[in-house]
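The values are calculated or read from the model by the stated rules, or taken from the named source; none is laboratory data. It should be emphasised that the depicted structure is a prediction, and the values quoted were computed from it without experimental measurement. Every residue, glycine as well, gets a Cβ built from its backbone with ideal geometry; the counts of neighbours run over all protein chains shown.
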Amino acid sequence: MNKAEECLEWEKERVSHYLHSSSEPKLLEKVQHELLFVYATQLLEKDNSGCHALLRDDNVVDDLARMFRLFSKIPRGLDPVSSIFKQVSSFLFGVILFPSS
């Protein structure tokens, strides 16, 4: 997700240098679609950096904030994030409430 965020920032910079400012919203919408919507499942389910991994690890507030910033920009982008969060939290609450002896 770092790379996706870097690409979006790079595109914003490129627009400011080479294109008319009126083209920025449409271009960024297309870039967001290609980077996030098309690859949402792959980004969210990566073993070491996907949503499950981020919710399991400590000290990942920045990464979770980045995920929110990126996926909140696309239509219904937070739906899969909330679904994964629900799965993980349900599992963790089950472990806390009913620990195996």
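Filtering Ser100, Ser83 for residues that are out of contact with any Leu (no Cβ under 6 Å at 6 or more places or on another chain) and either loosely packed, with under 10 Cβ neighbours inside 10 Å or on the phi > 0 side of the Ramachandran plot (or both) leaves a single hit, Ser100. Is there any pair linking a residue in segment 20-36 that is within 19 Å of Arg66 (Cα to Cα) to one that is modelled with pLDDT under 90 and not in a helix (DSSP H, G or I), with Cβ under 8 Å and at least six apart or on different chains, and which? The qualifying pairs are Gln32/Lys73; Gln32/Ile74; His33/Ile74; Leu36/Lys73; Leu36/Ile74; Leu36/Gly77. State all residues of segment 22-70 that are modelled with pLDDT under 75, over 14 Å from Ala4 (Cβ atoms) and small (Gly, Ala, Ser); if no residue qualifies, say none. Once the filter is applied, which keeps residues that are modelled with pLDDT under 75, over 14 Å from Ala4 (Cβ atoms) and small (Gly, Ala, Ser), segment 22-70 yields only Ala53. For segment 62-101, filtering for residues that are within 30 Å of Lys26 (Cα to Cα) and not in a loop (DSSP other than H, G, I, E, B) leaves 17. For Arg76, the conditions (1) more than 10 Å from the chain's Cα centre (by Cα); (2) in contact (Cβ under 8 Å) with a residue 40 or more places away in the chain all hold with the exception of (2).
For (1) among the hydrophobic types (A, V, I, L, M, F, W, C); (2) more than 27 Å from Ser16 (Cβ to Cβ), each residue gets a yes or a no:
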{"residue": "Leu27", "(1), (2)": "yes, no"}
{"residue": "Leu35", "(1), (2)": "yes, no"}
{"residue": "Asn48", "(1), (2)": "no, yes"}
{"residue": "Gly77", "(1), (2)": "no, no"}
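Within segment 82-94, residues that are under 18 Å from Ala65 (Cβ atoms) sit with their Cβ atoms under 8 Å from residues that are assigned to a helix (DSSP H, G or I) and among the hydrophobic types (A, V, I, L, M, F, W, C), at 6+ positions apart or across chains, in these pairs: Ile84/Leu44; Ile84/Cys51; Ile84/Leu55; Phe85/Cys51; Phe85/Leu55; Val88/Cys51; Val88/Leu55; Ser89/Leu55.
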